Amino acid sequence: MSVMLVMCTVPNRDTAEILAKALVESRLAACVAIQPPGESVYRWEGRLEKSTELTLFIKTTREGYPALEAAIVRLHPYEVPEILAFDAAGLPAYMKWVSDSVIASSPLLSDSGEE
């Protein structure tokens, strides 16, 4: 399996912890590192915006990425969450751990509404 690093910004610590816990518990991510708050400056709906956000570094696999993306979109409070995914290379033992920790489906995506 190919390992990926996914970056996602969130508006606050509560959202960061909810997403991190849901993604790891559902095995869509091996690990989510929550980074300290920083300032984001961006254009949204024609206006210049500035907000404080935290960045999540999410470790997953290429096979697990589609379900991970769908889960983030479902759980994230933003209309259009920032989700950037990159192929990763690294220590073989770490890459194996990520691959062994992730499954490519999730109960987070069930239509029953149960999580």
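The values are calculated or read from the model by the stated rules, or taken from the named source; none is laboratory data. Every value quoted in this text rests on a predicted model; they were computed, and no experiment measured them. Every residue, glycine as well, gets a Cβ built from its backbone with ideal geometry; the counts of neighbours run over all protein chains shown. Protein only, heavy atoms only, side chains kept; ligands, DNA and RNA dropped before computing areas. Shrake-Rupley method; radii C 1.70, N 1.55, O 1.52, S 1.80 Å.
Computed quantities for the displayed model
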item: Out of 92, 66, sole residue that is surrounded by fewer than 13 Cβ atoms within 10 Å (Cβ to Cβ) and free of Cβ contacts under 8 Å to residues at least 60 places away in the same chain; result: 92
item: Which listed residue, of 105, 101, is over 18 Å from residue 7 (Cβ atoms), polar (S, T, N, Q) and open to solvent by 50 Å² or more (accessible area, probe 1.4 Å); result: 105
item: Of all residues making up the stretch 69-88, the number that are free of Cβ contacts under 8 Å to residues at least 12 places away in the same chain and not charged (D, E, K, R); result: 2
item: Single unsatisfied condition, residue 29 versus (1) open to solvent by 10 Å² or more (accessible area, probe 1.4 Å); (2) in a loop (DSSP other than H, G, I, E, B); result: (1)
item: Filtered residues of the stretch 35-62 (kept if buried (at least 16 other Cβ atoms within 10 Å of the Cβ) and farther than 13 Å from residue 11 by Cβ); result: 58, 59, 60, 61, 62
